[in-house]
Amino acid sequence: MSHDHNHGTGNYNRSFAIGVVLNIVFVVIEASYGIFADSLALIADAGHNLSDVVSLLLAWSASVLAKKAATEKRTYGFRKATVMASLASAILLLVALGGITWEAVGRFFNPKPVEGMTVIVVATIGVVINTLTALLFVKGQKRDLNIRGAFLHMAADAAVSLGVVVAGIFIIFKGWLWIDPVVSFMIVAVVLVGTWGLLRDSINYAMDAVPDSIDIPAIRNYLMSIDHVNRIHDLHVWPLSTTEIALTVHVVIDKDSLDNKFLRNVQQHLHDHFGVVHSTIQVETSKGENDCMLDSQKCV
């Protein structure tokens, strides 16, 4: 049976390429102006944005690897690379948030004014570039953890840059030095919510947990409703990648044989109604002794 192994994903090569180029250009601009304005904050932020380029390259590489053909050693191919990339993205985001928090705490007890309009202008450019890059992944992030990782990295940086702009304006015109760390704390809290969800889902996928989109009781009810199926056992559902779901199950029937279309119809229903792109179904008969070793273990 032919399955669509790019179920609901799409090709993001162009988006990754644009995002990488935009962010490399911004890193060069930010570092240059940081040196020109003698701003340690801008130079440090340029280093942080360079880590975003690494994250985009990581997600892009995983996306490409996921499409490579299976081999005798890796019979499912490199699909899990997308899960590993999303997990790495979540960890990198948490590290970045930790760095922002540490800097904010330092500035809270030792406030520093924003170093002139240059910092605000460059931060504004960062808002534009990071927002444009995040928008490249806004649709795919709802269906793909790997794409969500890339989206969260860019959205977080856009928020941080916006915080710098807002805080800078208030500091220049109001003299409120305390607003800089306060805005940073607020941004960290908001981004942490999305990052925590990404980390939780990535760990679950890495551990082959059933994806949230899958309703196991509904699948079990469907399989039991099929004509001639007496019972099922050894039902397993897990993510092959951040976008593909696999299923294996043993179905016990009350006949010695079935129509050749039986498996195709079941696979098609699982694909169309539950999003399972790779299903393996073992058919056993209830007539006579069932010698299935897994059935003897009473796996359900």
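The values are calculated or read from the model by the stated rules, or taken from the named source; none is laboratory data. What you see is a predicted model, and the numbers here were worked out from it, not measured in a lab. Counting neighbours? That spans all protein chains shown, and the Cβs are built from the backbone with ideal geometry, glycine included. Side chains are part of the model used for accessible areas, which takes the heavy atoms of the whole protein and leaves out ligands, DNA and RNA. Shrake-Rupley method; radii C 1.70, N 1.55, O 1.52, S 1.80 Å.
Would you call residue 210 of a type outside the set (Lys, Arg) and either under 25 Å from residue 86 (Cβ atoms) or part of a loop (DSSP other than H, G, I, E, B) (or both)?
The answer is yes for residue 210.
Quick check on region 27-36. Is at least one of its residues in a helix (DSSP H, G or I), open to solvent by less than 20 Å² (accessible area, probe 1.4 Å) and of a type in the set (D, E, K, R)?
Yes, region 27-36 has at least one match.
I need the full set of residues from region 72-88 which are more than 23 Å from residue 200 (Cα to Cα) and open to solvent by 50 Å² or more (accessible area, probe 1.4 Å), in order please.
Within region 72-88, 72, 73, 74, 75, 76 qualify.
Residue 160 passes all but one of (1) among the hydrophobic types (A, V, I, L, M, F, W, C); (2) part of a helix (DSSP H, G or I); (3) surrounded by fewer than 21 Cβ atoms within 10 Å (Cβ to Cβ); which number fails?
Here residue 160 clears every test but (3).
Within region 224-244, which residues are surrounded by fewer than 20 Cβ atoms within 10 Å (Cβ to Cβ), of a type outside the set (Val, Ile, Thr) and either at pLDDT 90 or above or in a strand (DSSP E or B) (or both)?
224, 225, 230, 231, 233, 234, 235, 236, 238 - these are the residues of region 224-244 that are surrounded by fewer than 20 Cβ atoms within 10 Å (Cβ to Cβ), of a type outside the set (Val, Ile, Thr) and either at pLDDT 90 or above or in a strand (DSSP E or B) (or both).
I'm checking my understanding of the structure. Among residues of region 4-26 that are at pLDDT 85 or above and out of contact with any Leu (no Cβ under 8 Å at 6 or more places or on another chain), which one is most open to solvent (accessible area, probe 1.4 Å)?
This residue is 14.
For the structure I just gave you, tell me whether residue 200 is open to solvent by 20 Å² or more (accessible area, probe 1.4 Å) and closer than 30 Å to residue 252 by Cα.
no
Being open to solvent by 20 Å² or more (accessible area, probe 1.4 Å), of a type in the set (A, V, I, L, M, F, W, C) and assigned to a helix (DSSP H, G or I) is the filter here, so list the residues in region 130-140 that pass it.
132, 135
Going through region 291-300 one residue at a time, which ones are open to solvent by less than 50 Å² (accessible area, probe 1.4 Å) and at pLDDT 65 or above?
292, 295 - these are the residues of region 291-300 that are open to solvent by less than 50 Å² (accessible area, probe 1.4 Å) and at pLDDT 65 or above.
Could we say that residue 60 is open to solvent by 70 Å² or more (accessible area, probe 1.4 Å), of a type outside the set (A, V, I, L, M) and at pLDDT 85 or above here?
No.
Return the residues of region 245-290 that are part of a strand (DSSP E or B) and open to solvent by 30 Å² or more (accessible area, probe 1.4 Å); say none if nothing qualifies.
Residues satisfying the conditions are 248, 278, 280, 282, 283, 285.
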